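The values are calculated or read from the model by the stated rules, or taken from the named source; none is laboratory data. Since the structure is predicted, the reported quantities are computational estimates derived from the model, not experimental observations. Don't worry about glycine lacking a Cβ; one is built from the backbone with ideal geometry, like all the others, and counts go over all protein chains shown. The accessibility values were calculated without ligands, DNA or RNA, using every heavy atom of the protein model including side chains. Shrake-Rupley method; radii C 1.70, N 1.55, O 1.52, S 1.80 Å.
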Amino acid sequence: EETVLTSVGERFTEELAAHYQGMNAADVAATMHRVLGLASPLPPLQRRLREELLRGVREIPLEPVPGAVALVRRLAGLAPMAVASGSPAEAIAIVVRRLGLADCLPTLVSSESVPRGKPHPDVFLECARILGAPPRQCLVFEDSLVGAQAARAAGMACLVRSLAPTEELRAVATRVVASWDEITREAVIAGSSE
């Protein structure tokens with residue numbers, strides 16, 4: 001993001017990121033374009049952002065969200081699991097492989113493969129279809145408002161990790177946690193996130 005923004009004479013800010021966190025690369029670029037009022041054409045910005053994202057996942061050391069890898073491993077085998085992400089499919093596969101989670105997460109769905117990205121439910125509904133699971137039986141783990149909105153629109157329960165949850169996030173999430181370490185295998189088995 002920073003490299004792409006610098007190339008168009010802008011700088012990254014948390015305020016700007018709040019507009020697009022959780023969206024796919026094309027929607028992030030479109031949001032940047034709209035919010036910043038950029039005069040340059042949108043398609044080259046979208047391509048550049050996607051290219052930079054792929055370069056980053058290949059070359060930059062990964063810094064997993066604290067507790068996320070342990071959560072996936074803790075829940076492995078409990079039910080079929082999938083990744084539903086706004087990232088390009090190639091980026092998702094690289095990250096899952098680099099984190100050593102390919103055996104736990106065999107199903108990877110990019111919002112680039114469905115008609116609409118988050119906050120629309122398409123990517124979650126596609127995961128449910130592939131897994132053969134009714135949406136109401138799915139549990140989504142998210143880290144963004146648009147992801148929680150997408151899960152809710154899909155009719156799925158959603159646990160969100162947020163250190164500073166907004167009222168809007170609390171209104172759409174099933175539960176908000178400060179750390180993925182709060183989620184136990186036993187609670188998920190019991191059908192509860194408590």
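Of all DSSP-defined beta bridges confined to the chain, some 0% are antiparallel rather than parallel. Approximating the spin labels as points 7 Å out from Cα along Cα→Cβ, the A39-to-A76 distance works out to 5.4 nm. Across segment 25-96, the relative contact order, built from alpha-carbon pairs under 8 Å that are at least six residues apart, equals 39 percent. The stretch between E63 and A164, if pulled fully straight at 0.36 nm per residue, gains 34.4 nm over its current Cα-Cα span. Surface composition of segment 144-194: carbon plus sulfur atoms hold 51% of the accessible area, using a 1.4 angstrom probe and ignoring ligands, DNA and RNA. Rounded to the nearest 10 square angstrom, T184 shows an accessible area of 50 square angstrom against a 1.4 Å probe. Taking every C-alpha pair closer than 8 Å and separated by at least 6 residues, the mean separation divided by the residue count of segment 65-177 gives a relative contact order of 19 percent. Computed from the C-beta positions of E186 and L99 and an R0 of 30 Å, the FRET efficiency is 0.80 to the nearest 0.05. With contributions of -39500 (n - 2.57) from each DSSP H run of at least four residues, the per-residue ellipticity at 222 nm computed over the chain stands at -13500 deg cm²/dmol. Here D122 sits with roughly 20 square angstrom of accessible surface, probe radius 1.4 Å. The fraction of Cα-Cα pairs per 10 angstrom bin, counted from 0 for segment 33-125, comes to 14, 38, 35, 11, 2 percent, rounded to whole percents. Summed over the residues of segment 80-177 and divided among them, the accessible surface reaches 47 Å² per residue at a probe radius of 1.4 Å. The chain gives an Rg/Rh value of 0.96, both radii derived from C-alpha positions and Rh following Kirkwood.
When the trypsin sites (Lys or Arg not before Pro) in segment 48-114 are filtered for DSSP coil states and for at most 16 other beta-carbon atoms within 10 Å of their beta-carbon, no site remains. Only sites in a loop by DSSP and with at most 11 other Cβ atoms within 10 Å count here; which trypsin sites (Lys or Arg not before Pro) in segment 116-192 make the cut? Hits after loop and neighbour filter: nothing returned.
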